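Enquirer: The structure under discussion is supplied below as structure tokens; questions concerning it will follow.
The values are calculated or read from the model by the stated rules, or taken from the named source; none is laboratory data. All figures in this text were calculated on a predicted structure; none of them were measured in a lab. We place every Cβ from the backbone using ideal geometry, glycine too, and count neighbours over all the protein chains shown. The area values use the complete protein model at the heavy-atom level, side chains included, leaving out ligands, DNA and RNA. Shrake-Rupley method; radii C 1.70, N 1.55, O 1.52, S 1.80 Å.
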Amino acid sequence: MACHAHHAQQQGGYPEQNYGPGAKWIKHLTQNRLGTFTGGHFADVNLTSILFTHRLDDDNHVKLQVWSAPGLTKPTFEEAMKQKFKPAKKGDSFGPSWTNHWWKVSVNIPSYWVQYERVQFEFDPGCEAMIYTTDGVPLQGITGGFGGDRRVDYIIPRDTVKKGKLDFIIESSCNGMFGVPWNGDTIAPPDMNRYFQLASADLVVPNEEAWRLMADFTTLREIVDTVPGNTPLQNQALTVANEIMNIFDKGEPNTVEEGRKAAEKVFGERWDKKGEKIYEEGPERPLVWGIGHCHIDTAWLWPYRVTQQKVARSWSTQVDLMERYPEHRFTCSQAQQYKWLEQLYPPLFDRVKEKVLSGQFHPVGGSWVENDSNMPSGEALARQFVFGQRYFESRFGKRCDTAWLPDSFGLTGALPQLIRLAGMKYFFTQKLSWNNINTFPHSTFNWVGIDGTQVLCHMTPVDTYTAQATVGDVNKAITNHKNLESNDTALLVFGNGDGGGGPLSKMLDNLRRIRATTNNHRELPPVVMGRSVEDFFDDVAERSNQGKTLPNWHGELYLEFHRGTYTSHGSIKKGNRKSEILLRDIEHVATLASFPAFAVKEYTYPKDKIDVCWEKVLLNQFHDVLPGSAIGMVYEDAEKLYAEVRKDGKALLEEAFEAILPRSAPATSDNLAKLRGQGDLVAVNTTFFARQDVVKVPLTGAGSQFKSQVVQTSKDGTGYALMECLADSNIALCKGLYADSMPVSVYTNGSGHFVLKNSSVQLTISGGRITSLLDVQLNRELIAKGESGGLVIFEDRPNYWDAWDVEIHHLEKRRPLEFANISVTAEGPLRASITSEFKYGQSTINVTISLDAVAATTRPGSRSMFTFDAVVDWHQRHEFLKFEVPLDIHNENAIYETQWGYVQRPTHKNTSWDSAKFEVCGHKYADLSEFGYGVALLSESKYGFSCLGNVLRISLLRGATAPDAEQDQGKHEFSWAVLPHAGHFLESDVPLAGYLFNSPLHVRYVPRESRNLLEKMRKPFTIEGARNVYLETIKRGDDDDFSSTDITKTIVLRLYEAFGGHAKVKLRVAGFVNVAAAYVTNLLEDTGDELNVLRAESDIAQGASINLDFHGFEVKTVKLVIGSGESALPEESSEKRDSWVSVGKP
């Protein structure tokens, strides 16, 4: 009986007979089937066909009126509402490109729609738009079209649905998320005549459950496509997705719910009822940290004014999402964008501020913009952080902890020190994932700068700052991580970007489903939401024993890509360099003028006006503006900003000079033609170095009296004077040829052979090329045997990124150019010059080569330099103009100035890492040296250099045609110099020479009655004890109150070590600067350690001194607190002028 019962039980369970075909599947066909469930050829019968329950667009339910703003104007909401609107309808076209159109929208909602979960207005203008309330509060952005960034739905509030009527305003702008490229190629120049059609303006009821099923299916399909094949999760996801397709029936609404129930086999039972609480279940320790982000290029394929709109659209959208998704945290950088929002959209700024204070909206980066970090000066990089951090602190009560430059085209090794000095210790980037030769070896590491300072750096393994929050993105965060052995977590920075937008609701929905999956499966890394970037870095720091178990990367983060950006748009590079120098000079002179010891007239330090100029310069340092990779409209704006800085800056400088040297004026031809009366020719030296310069002096008008002071007169009546500024003075005075001068001469044989020579150096041009560069004192030839130097053209056709890239293969097509039509234009003895003017293609190139009777610096043994002044009318396309010198010098590395220091880069191609650096960024100099000798190229506005083997080059002009079709076309004026020097670079005066080359004297006419004031122009600060420490910046303290004369005044000095070694220096403070206390500070001028101020008690006029220690490439900021008593005057001059106030000992 027992056996019979067992047999019966078997027959009731596992059948004995089997006549079916079996359940064997063809996996790849099933996987391919998934693509037919949404959209495509079967959209009328698959899930897409039931995504909307109702759609209305008739006049009874939707009424539209429009007003088109004239031209390219961008009226405010208030201005727009005063205009006359006209009726409009769906299907209307509007444009052209970059124009703005305002819509008044009235909707009448059927009363029975109150039964539905959601009612929304769908507005698709094919371009960008923003929805406002009728009283001007921005609600959210709109992105038209059918790309991945599409967002066209405005959810109507439930209480409004019940009321049945809603009025609102829409501003649409005729540009896409990436501008309006004329041929569809993203980087093509813009189509200036694009029109857009209003594709939808509909009142709709979405089938919310069907949309949720589509989100379920999307996540399942991503799992299938991402997780390795033949794993339990991948097979289950495919099985469930296939089951959903089998369940679905367009005519049976309940099949949607059944399909969603099937999805719970992967996501977990009733997972969607948990909402944001889903992140509280599952693994305790997340591996992937999700943070919403919206990278908005401050200008790129659109101008600044469009960015202002993008910011409002994108950020209002994120505030809206925060209300619906409590776990959503959004991080955004660039104080400039916050300031624009504050100025142009105050109600939205208030909403953002509320979210910042609640911890949902996270300012990050601590900088004014996401700047290029290759070309801004050290001081400019410092000001990026100073202006950024001060803004964030003033508006939100806190500073940023994390520096944030995800898209900058390479990162200077000076940054780690500046980041720490700006109060931050973490750094996020990812651009090196774009390297086109080598793969960067780390994801999380200690980045150690040129001075030894470190920051904790994370390069997201997802390799983008615009992740779409897919399963693939989450999985890549771990599978692409380069050093999981020392850190196994990663940031997922997600949201549409470059042109703005940020995260979409579908991304947040997808992340919830991914987390639900990992709560039940282990094949994917768990993702967490609701944390900050700082939380992520804090976790990394803690788990790596404060970085001790992480790998290190020393020096610059060189991007092996976009190397052409060091040269593209030469006028912008020049505007940047000249503006930086001008602002440095303004702050210097204005600081002196703000103290009674210098000012003859009442003067108030114009900090607000200086700050406005700085903000314009910092804005133009954005990483698609200064590099030259934006559309032409951007450069129209940038040039205007530089022109404003130049105009306003010169006015500020003149106001400060007027307080110090009343009735003086720049010694220009125009000024001297107007002036009458006797005066002196002097020059103000705004550097802290002694110097000798040959300057041009107009000899017309009041300048005729200076004929006795010039040593040389040219044929056009211009005089050349030799001016000298001693180490303890700010004033350079005219000198005749004196004992240590080196009179110059020029020789020609009349048949293309020219020689410029003094007792220091000699240059020979023969056959249009530089055939000899001779150190006369050592009788050493510097040009390699059989070679010649000069201008050279390279074919410049990058593989894609036109304005961005110069590829290594450009070096394979080289064409030397010859100086032609050479004439002697100055014969000495102060300056000898020859000028060449010739045609190349459609361009005219004029170059004047000059040699002066003085050395490059006053340092003993300094050589004279050959200056090349170029005026080029450039009309070449896709050709690269450079200047080169092939040197009889050998070294495996060349040296290039970077911010507040230098970097060494290989001259060979031993490895692919060496080969990648065929074009590099430098600032004021590039140098090739060996023991005993070297030659440097000096630059006053160019940043591209190279040294391959023994050929040292400076890059001058390019001619890309995208995204600006007219890049660099037209007239350019620029200079460079060739400086031979005895001794290796480390023994040389190259950094000093480069500094002076970029800092011309301010030559001025001073009326005779003001002559006695010149004796007061003593340097207030000098550095003694080490030649490798430079004092660069002198300014008033950022926290000084300039509206009152009764408060404490401070002077801030910025110094740096220039050669990479230690130093002990004495900072001498003149007796007429009454220092009460001195402190070391960070860049933000937070008071740090107090410094010992040493005074000569017996003689206050001797001033004070402060001992300072430096390590290699260290930047040090010193704040001097000035005593309440007025400054003492130099004793020897106090009786000569009643207008100066004498001050007794404190």
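Enquirer: Place the peptides 649-660, 957-968, 666-677 in order of packing, highest mean first, counting for every residue the other Cβ atoms within 10 Å and averaging per peptide. Present the calculation step by step, with values, prior to reporting the outcome.
Expert: Numbers: 649-660: 19.2, 957-968: 23.0, 666-677: 14.7.
Top of the packing list down: 957-968, 649-660, 666-677.
Enquirer: Please report, in whole Å, how far the alpha carbons of the stretch 528-612 spread along each principal axis, starting with the longest.
Expert: Cα extents, longest axis first: 62, 36, 29 Å.
Enquirer: Based on the alpha-carbon gyration tensor of the stretch 288-554 and its eigenvalue square roots a ≥ b ≥ c, which shape applies: rounded if a/c is under 1.5, prolate if not and a/b is larger than b/c, or oblate?
Expert: On the way: a/c = 1.58, a/b = 1.05, b/c = 1.51.
Taking the square roots of the gyration eigenvalues as a ≥ b ≥ c, the stretch 288-554 is oblate.
Enquirer: Something else about it: Sequence neighbours fewer than 8 away in the same chain don't count; with that in mind, list the lysines whose C-alpha is under 21 Å from K757.
Expert: Output for K757: K696, K715, K785.
Enquirer: With N residues in the stretch 567-660, what two-decimal value do you get for its Cα radius of gyration over 2.2 N^0.38 Å?
Expert: Working: Rg = 15.0 Å, N = 94, 2.2 N^0.38 = 12.4 Å.
Working it through for the stretch 567-660, the quotient is 1.21.
Enquirer: Could you state the accessible area per residue of the stretch 629-753 in Å², with a 1.4 Å probe and every protein chain left in place? Don't skip to the end; give the middle numbers.
Expert: Details: 5460 Å² over 125 residues.
Ligands and nucleic acids excluded, the result is 44 Å² per residue.
Enquirer: Same structure again: For the chain, which whole-number percentage of the solvent-accessible area (1.4 Å probe, protein heavy atoms only) is attributable to carbon and sulfur atoms?
Expert: 49 percent
Enquirer: Counting other Cβ atoms within 10 Å of each Cβ, which trypsin sites (Lys or Arg not before Pro) in the stretch 22-98 have at most 11 and sit in a DSSP loop? Don't skip to the answer; put the middle values down first.
Expert: Details: sites: K24, K27, R33, R55, K63, K82, K84, K89, K90; in loops: K24, K82, K84, K89, K90.
Of the trypsin sites (Lys or Arg not before Pro), the ones in loops of the stretch 22-98 whose Cβ has at most 11 other Cβ atoms within 10 Å are K24, K82, K84.
Enquirer: What percent does the relative contact order of the stretch 198-271 come to when contacts are Cα pairs within less than 8 Å and at least six residues apart? If you can, show how the numbers build up before the last one.
Expert: Working: 54 pairs, mean separation 21.1, N = 74.
The normalised contact order for the stretch 198-271 reaches 29 percent.
Enquirer: Considering Cα pairs under 8 angstrom that are at least six residues apart, work out the relative contact order of the stretch 52-206 and quote it in whole percent. Kindly include the intermediate steps, with their values, before the conclusion.
Expert: On the way: 353 pairs, mean separation 53.7, N = 155.
For the stretch 52-206, the relative contact order is 35 percent.
Enquirer: Also, I was wondering about something else. Using per-residue counts of other Cβ atoms within 10 Å, averaged over each peptide, order 327-339, 810-822, 604-616 from highest down.
Expert: Details: 327-339: 24.2, 810-822: 15.2, 604-616: 17.6.
Ranking, from highest mean packing down: 327-339, 604-616, 810-822.
Enquirer: Given R₀ = 25 Å, FRET efficiency for K696-S751 by Cβ-Cβ distance, to 0.05? Walk me through the intermediate numbers first.
Expert: Numbers: r = 30 Å, r/R0 = 1.21.
It comes to 0.25.
Enquirer: Shifting gears a bit: Roll a 1.4 Å probe over the protein chains and send me the accessible area per residue for the stretch 42-164 in Å².
Expert: Details: 5710 Å² over 123 residues.
Per residue, the stretch 42-164 has an accessible area of 46 Å².
Enquirer: Taking only DSSP H segments of four or more residues, each worth -39500 (n - 2.57), what value at 222 nm results for the chain once the sum is divided by all its residues, to the nearest 500 deg cm²/dmol? Intermediate values should be presented prior to the final figure.
Expert: On the way: 21 runs with 267 residues, N = 1146.
-7500 deg cm²/dmol, from helical runs alone.
Enquirer: Further question on the same structure: Along each principal axis of its Cα atoms, how long is the stretch 1020-1122 end to end? Whole angstroms, biggest number first, please.
Expert: Result, largest extent first: 42, 36, 21 Å.
Enquirer: Next question, about the same structure. Can you work out the FRET efficiency for the pair K24 and K273, with r the C-beta to C-beta distance and R0 = 45 Å, to the nearest 0.05? Please report the intermediate quantities before stating the final value.
Expert: On the way: r = 37 Å, r/R0 = 0.82.
E(calc), rounded to 0.05, equals 0.75.
Enquirer: Step through the table entries K578/K616; K274/K506; K707/K735; K607/K1035; K74/K353; K339/K609, compare each Cα-Cα distance with 19 Å, and write down the pairs that go over it.
Expert: Working: K578/K616 13 Å; K274/K506 17 Å; K707/K735 13 Å; K607/K1035 10 Å; K74/K353 25 Å; K339/K609 17 Å.
Long pairs (Cα-Cα over 19 Å): K74/K353.
Enquirer: Taking a 19 Å limit on the Cα-Cα distance, which of the listed pairs K1019/K1119; K573/K917; K63/K163 fall beyond it? Walk me through the numbers before you get to the answer.
Expert: On the way: K1019/K1119 17 Å; K573/K917 21 Å; K63/K163 17 Å.
Distance filter (> 19 Å) returns K573/K917.
Enquirer: Still on this structure, I have one more. For S1124 and H61, compute 0.36 nm times the residue count separating them, minus their Cα-Cα distance, and round to one decimal in nm.
Expert: Values: separation 1063, 0.36 × 1063 = 382.68 nm, distance 7.28 nm.
So the extension gain works out to 375.4 nm.
Enquirer: Restricting to bridges with both residues inside the chain, how much of the DSSP beta-bridge set is antiparallel, in percent to the nearest 5?
Expert: Working: 211 of 235 bridges.
Among the beta bridges of the chain, antiparallel pairing accounts for roughly 90 percent.
Enquirer: Run the quick spin-label model on K715 and Q678: label points 7 Å from Cα toward the beta carbon, then report their separation in nm to one decimal.
Expert: 3.6 nm
Enquirer: Strictly greater than 31 Å: what percent of every Cα pair in the stretch 745-998 meets that? Write down the numbers at each step before the final one.
Expert: On the way: 6566 of 32131 pairs.
Tail fraction, whole percent: 20.
Enquirer: Okay, next question. Leaving out ligands and nucleic acids, and using a 1.4 Å probe, what accessible area per residue does the stretch 288-554 come to in Å²? Write down the numbers at each step before the final one.
Expert: Numbers: 6790 Å² over 267 residues.
Dividing the accessible area of the stretch 288-554 by its residue count gives 25 Å².
Enquirer: Report the label-to-label distance for D1109 and R1027 in nanometres (one decimal), using points 7 Å from each Cα along the Cα→Cβ vector.
Expert: 2.5 nm
Enquirer: Tell me whether the stretch 78-212 comes out rounded, prolate or oblate; compute the Cα gyration tensor, take square roots of the eigenvalues as a ≥ b ≥ c, and use a/c under 1.5 as the rounded threshold. Mind showing how you got there, number by number?
Expert: On the way: a/c = 2.42, a/b = 1.50, b/c = 1.62.
Cα axes put the stretch 78-212 in the oblate bin.
Enquirer: Would you mind calculating the relative contact order of the chain from Cα pairs under 8 angstrom and at least 6 residues apart, reporting the percent as a whole number? Please list the in-between numbers first.
Expert: Working: 2722 pairs, mean separation 101.0, N = 1146.
It comes to 9 percent, rounded to a whole number.
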